[in-house]
Structures are given as structure tokens and as C-alpha cells.
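Read the figures in this text as sums done on the coordinates, not as results from a lab. This one's a predicted model, so the numbers in the text were calculated from it and none came from an experiment. Counting neighbours? That spans all protein chains shown, and the Cβs are built from the backbone with ideal geometry, glycine included.
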């Protein structure tokens, strides 16, 4: 009997060690994941390749866990990155240009570009079937925050169509980014620029009519990109490389799939939006060629952005391309 009891005890101990080993191994696998605090400027279908990269497990493949915060404005995103509250920011490259020109020693660098056109659509209070940009003369528009790329792109489009943004129209920049649709629906202004799916949802609610694509009219411009403090990039090169690789996989995936397939992939990020509406919105972005085919931010696009900023009176001194833009990691993932 003693021998049987001893054998049973030994078996229990062996089994306990085995179970503990399995638990520890699983725990170690979990610990292999590195959390990245990503701060995005807004939640929009415009950023579909990013959400695809998350939902399809491309970040997970690189052992990265993405924790997303929606900053609601490039200025707020930049503040969070500079304060160390977020590791990586996702907003217009203009934010990094402003920071560099302020003379900060640990300025931010853009290391990957996602979108290459303005993703907003012009929504009118009336149904204008034959809209022309010159129709905006004498009208009030809600274009976003002054100094931000959405605002400056609208100014650029107005000038392109022979209108003086300071004299021919009223640009109401008093409304916060996340409140623009609500203000317009409540009766403020004649026009508003909205990202998707907000623009289509506003139209479907009978509160306005989409009459034009700002991005299609403005042309190619580095609109939204990923950036981090120079010190963070230098100290986390492998992390930045992995992050860029996941984004590149997302960019390639959307190029190879239909609007409906993309909608299915990102639907969890837009739980209040029907898949067919998402698909229609995604097709609109495909039609204007809104997404960059790879993470590299080209110098000519960067120069155009600074020209737009200069014309808007928001840039007194140009920032060097090779200081603000760091294509090292984007080039590496493309070359592999």
C-alpha cells in the first residue's frame, strides 16, 4: 500500500510540473508581444490599410500589440507623442514640420506614409447635381482646424479654382474636428468637409449632400503618416521596422482585394456602420486612389505639402526633407 501511495504522489508531482511548464510557456509567449501605444488623428475608413493590418494579424505576426487612442486632431496627437503618452502618432506630416521648426532637439520624424490624398468630402446643405468649386463664392464652409492639413488643402483647392480663401469665402474654424458633422447638421454653415463614413452617414440621415471629393481636386499630397520622436526611433529601430512592415502588408492587402472584402476586414472598427455602406465608402477612396502603395514619403510630395502650408500663411521657413522624413525603415521593408 505504501508503495502505491508513493507512486501516486510521484505521478501527481510530475503532472503538476508538466502543467506548470505549459502555463509558464504560454505566459512567456504572451510576454513576447510588445505593446505599441498608437495615437490616430481620427477614426475613419480613410485609414483602412491600418485597420486591415490589425484585423488580419500583420502586427501580431511581428509580435506587436497595438493599443489605439483616437486623438481627434493632429495637434492633440503630437502633444501626446511629445509628452511620452503615445509611442507613435498618426496624423498629417505638417505636425512634424511645425515641431522641427520650433527648434526642439528631440523633434519627431515621419517614418511611414499611409494616405496620399485628402480623404474628406465636401458636403452641401442643398443637392447640387452640377457642383463647381466656384459655387463656393460667398458661402460659409467648416473646414477643420486652422493650420491643419484638411483646412490648408481646402484653401489650396479654392486658390486652384480662382477663389481667395480670405476674401471670397468664410472659413469657420471655430468648431472642433469631432463636432463638425453635428454642427453642420444643426444648421451651421453652407458646407462642411467630412471624412468617411461620417460624410455618407450625414447624407443618409438627410442632413446634407456629398458634392465633391477634396482629395480628387487637390491631387497627390502626403496627407496622413506615422511619426515618433527621434529618440524613440533611435532606441527602438527593430520596433519601427516591424511596425512599418505590418503597415506595408496592410497596404498590399487592400491593393489585392475588393471594397467588399476590405469592408468585411475592418467592420469591427466601425460597429455602428453597415458593411454595404463601408464597401461603398471604400470604393470611393479606391476611385480617387487615396492610399499610398508603400510606406515611402516622396520628396516631391513633401515639397508640395510645404508649398500648400506656405500659401496658407502657416509656414515661415521650410524644414529639410532629410530631417523630418526618415524613409530608412520603409525602404528596408520594400527591399526585402
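Structural remarks
- Relative intensity, log₁₀ I(q)/I(0), of the range 77-185 from a Debye sum that treats every alpha carbon as a point, q = 0.11, 0.19 Å⁻¹: -0.45, -1.07
- For the chain, averaging the sequence separation of C-alpha pairs within contact (under 8 Å, six or more residues apart) and dividing by the residue count gives a relative contact order of 26 percent.
- Between 262, 282, 66, the residue with the greatest mean-square fluctuation in the GNM of the chain (Cα pairs under 10 Å linked by springs) is 66.
- Share antiparallel - DSSP beta bridges, the range 121-218, percent rounded to 5: 65 percent
- With Rh defined as the Kirkwood radius, the inverse of the mean 1/r over Cα pairs, the Rg/Rh of the chain is 1.11.
- All Cα pairs of the range 125-195, percent lying beyond 13 Å: 62 percent
- Alpha carbon centroid spacing (whole Å) that separates the range 224-281 from the range 65-141: 16 Å
- The simple spin-label model puts a point 7 Å past each Cα toward its Cβ; for residue 140 and residue 65 those points are separated by 4.8 nm.
- Rg(Cα) / (2.2 N^0.38 Å) computed for the range 192-246, rounded to two decimals: 1.79
- Descending semi-axes in whole angstrom, ellipsoid equivalent of the range 177-336, from the Cα gyration tensor: 31, 23, 14
- Helix 2-31 vs. the chain, principal-axis angle (Cα, 0 to 90°, nearest 10): 20 degrees
- Calculated [θ] (222 nm, deg cm²/dmol) that DSSP helices of n ≥ 4 give over the chain, each run adding -39,500 (n - 2.57): -14000 deg cm²/dmol
- For the chain, built as a Gaussian network whose Cα springs stay under 10 Å, the top-fluctuating residue of 205, 112, 246: 205
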